[in-house]
Amino acid sequence: MYPVYTTNAPQQHGPASQGSSAGRLICASGQIALDPATGEFVGGTVARQAMRALDNLQAVVESAGLELSDVVQVTLYLRDMDDLAVVDAIYELKFPQPCPARTVVEVSRLPCDALIQLDCMAIR
């Protein structure tokens, strides 16, 4: 296993890397709306947070030499399932068809009290 690293996504806190590579499999750690340049949380609407989190996820995937079209599975964590339609509209802008498999989970709390977090798996 090898770590995946980029300055275009925020650094992970605690004992985790931005992603890991094992053979053809790339796993990206959960991304929230942190600005990679400042490390500051980008608050505001779920739409704003979703775009920043997806940009971060894309940066990790691309640092492994892949594209979002190589993503095969996404897990999406939402603080409020009522935000899913808004997140879906942004998600569809980022992921090409056919979209990867996806699991959506409503959670009680996320780091920085974020409204959204995503992680993914991609294949070379």
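The values are calculated or read from the model by the stated rules, or taken from the named source; none is laboratory data. Because the structure is a prediction, the values reported are computed rather than measured. So basically every Cβ, Gly included, is an ideal-geometry build from the backbone, and we count neighbours across all protein chains shown.
Remarks
- Within the range 105-124, the residues that satisfy the criterion of being exposed (fewer than 15 other Cβ atoms within 10 Å of the Cβ) and on the phi < 0 side of the Ramachandran plot are Val105, Glu106, Val107, Ser108, Arg109, Pro111, Ile123, Arg124.
- In the range 23-40, the count of residues that are β-branched (Val, Ile, Thr) and surrounded by 14 or more Cβ atoms within 10 Å (Cβ to Cβ) is one or more.
- Residue list for the range 55-75, restricted to those being surrounded by 18 or more Cβ atoms within 10 Å (Cβ to Cβ) and in contact with a strand residue (DSSP E or B) (Cβ under 7 Å, 6 or more places away or on another chain): Asn56, Leu57, Val60, Val61, Ser63, Ala64, Leu66, Asp70, Val71, Val74
- Scanning the range 3-14 for residues that are in a loop (DSSP other than H, G, I, E, B) and out of contact with any helix residue (DSSP H, G or I) (no Cβ under 9 Å at 6 or more places or on another chain) returns Gln11, Gln12, Gly14.
- Criterion (of a type in the set (D, E, K, R) and either over 19 Å from Met121 (Cβ atoms) or modelled with pLDDT under 95 (or both)) met by exactly one of Glu40, Glu62: Glu40
- Counted as qualifying within the range 15-124 are the strands (runs of 3 or more DSSP E) with 2 or more residues that are in contact (Cβ under 8 Å) with a residue 40 or more places away in the chain and under 14 Å from the mean Cα position of the chain (by Cα), namely 25-31, 71-78, 116-123.
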